[in-house]
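In what follows, a single structure is set out as structure tokens and then discussed.
The values are calculated or read from the model by the stated rules, or taken from the named source; none is laboratory data. Note that the structure is predicted; figures quoted are calculated from it, not measured. Here the Cβ positions follow ideal geometry from the backbone for every residue, glycine too, while neighbour counts run over all protein chains shown. Accessible surface areas use protein heavy atoms only, side chains included; no ligands, DNA or RNA. Shrake-Rupley method; radii C 1.70, N 1.55, O 1.52, S 1.80 Å.
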Amino acid sequence: MANPEIVIEGRSITRDYTMRTGVFSAPRVIHAVNGVDFAVERGKTLAIVGESGCGKSTLARIITLIDPATSGTLLIEGKPVDIGTQPMTKALRATVQIVFQNPYGSLNPRQKVGDVLMEPLLLNTDTPSAERRERAMAMLQKVGLKTEHFNRYPHMFSGGQRQRIAIARALMLNPRLLVLDEPVSALDLSVQAQVLNLLRDLQEEFNLTYVFISHDLSVVRYLADDVMVMLKGEVVERGSRDQVFSDPRHAYTQKLFAATPVTDVAAIRARVARRATMMQERV
Ligand SMILES: Nc1ncnc2c1ncn2[C@@H]1O[C@H](COP(=O)(O)OP(=O)(O)OP(=O)(O)O)[C@@H](O)[C@H]1O
Ligand SMILES: [Mg+2]
């Protein structure tokens, strides 16, 4: 009998990528996610941490039904879900939503904010137009924006405001689960704090379940109930936040924590600046 309070569960989730390096060489298989187990209770936050390339985003895309797993079982509210074999229903689509790191890339520059928010209702529900508008207006206010922002374009907003828009869009279909893949990593520190507070408030108000992906241990400490540490596609440590922070067991977690002075504001600032440079270089 499934535990009714578990919103999302993964059993031995694996995702392989096959890379062809040349015409004559044998294809190379990357185990991006390799036999990962997890479960998140309703209203709780599971944080996933680990170095770049350890498989966090790959797992995020599986959880949000964007990509299928190569093997393993994903259960949403106790029901097995396999997008590789079963049709994606609108109801299923609505249960899990994702917010990405980059609020610039994830919003269509030609779409007004109001349309961004109403679109999920238009595509997935029969909500009449007047009500779509009303709900989008209400959600704008819930995320700390103003109704006069409704007719503005994304480029007219700051990074923090754009991330608020992305969060609002993700909540329009009343999802049970929100996956947040580095949602504040591209933002200034003070703005990070505001967006994290907003996420906390929204979680409480809507009884939302979060899977929160972050490099930043200070952010994880602020938001997580449970922590899962990944290394090369596998989970090397898991436990409650307090357990993992006060008594990390695995050598990799100890190293990760030692390399990240979570209380050192200067180090956090330096990291934010490094990320900003990296982001610019990518553009
Ligand atoms: N579409 C793809 N095709 C081939 N390999 C991929 C693909 N997506 C990811 N990978 C590989 O899978 C591994 C895990 O990548 P993933 O993006 O999940 O890491 P991550 O933990 O999110 O890293 P980061 O912290 O940099 O965001 C990496 O080795 C990556 O190169
Ligand atoms: Mg990633």
**Study point:** For segment 118-264, the Rg and Dmax computed from alpha carbons only, in angstrom
**Key:** 17.9, 56
Check your understanding: What is the pair-distance distribution P(r) of segment 138-211, computed from all Cα-Cα distances in 10 Å bins starting at 0, with each bin given as a whole percent?
Key -> 18, 55, 26, 0
Review point. How large is the accessible surface per residue of the chain, computed with a 1.4 Å probe and reported in Å² as a whole number?
Key: 51
**Study point:** Residues listed by number, segment 32-61, amide nitrogen under 19 Å from R200 label point at 7 Å toward C-beta
**Key:** 43-48
Review point. Using Cα pairs under 8 angstrom and six or more residues apart, how large is the relative contact order of segment 6-282, in percent?
Key: 24
Study note, to complete from the structure: Taking only the alpha carbons of segment 1-69, the radius of gyration and the largest Cα-Cα distance, Dmax, both in angstrom, are 15.0, 51
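Determine the dipole magnitude for the chain: charges of +1 sit on the beta-carbon of Lys and Arg, -1 on that of Asp and Glu, nothing else is charged, the reference point is the Cα centre, and the result goes in debye to the nearest 20. Please list the in-between numbers first.
Working: 35 positive and 30 negative charges, 155 e Å.
Value, rounded to 20: 740 debye.
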Study note, to complete from the structure: As straight-line cross-link partners of K142, the qualifying aspartates and glutamates (C-alpha separation under 17 Å, not fewer than 8 residues apart within one chain) are D115, E131, E134, D201, E204, E205
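For the chain, what ratio Rg/Rh do Cα atoms give with a Kirkwood hydrodynamic radius?
Values: Rg = 19.2 Å, Rh = 19.9 Å.
The Rg/Rh ratio comes out at 0.97.
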Check your understanding: Rounded to the nearest 500, what is the chain's calculated 222 nm mean residue ellipticity when only DSSP H runs of at least 4 contribute -39500 (n - 2.57) each, over all residues?
Key -> -12000 deg cm²/dmol
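What helices does the chain hold that run 15 Å or longer along their axis, going by alpha-carbon atoms, with a Kyte-Doolittle average of 0.0 or more, using DSSP H for the helix calls? If you can, show how the numbers build up before the last one.
Working: long enough: 113-124 (18 Å, 1.08); 129-142 (20 Å, -1.12); 159-171 (18 Å, -0.24); 189-206 (26 Å, 0.12); 265-282 (26 Å, -0.25).
For the chain, where a helix must reach 15 Å along its axis and average at least 0.0, the hits are 113-124, 189-206.
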Review point. Within the accessible area of the chain, what % is carbon and sulfur when the probe is 1.4 Å and the other protein chains stay in place?
Key: 50
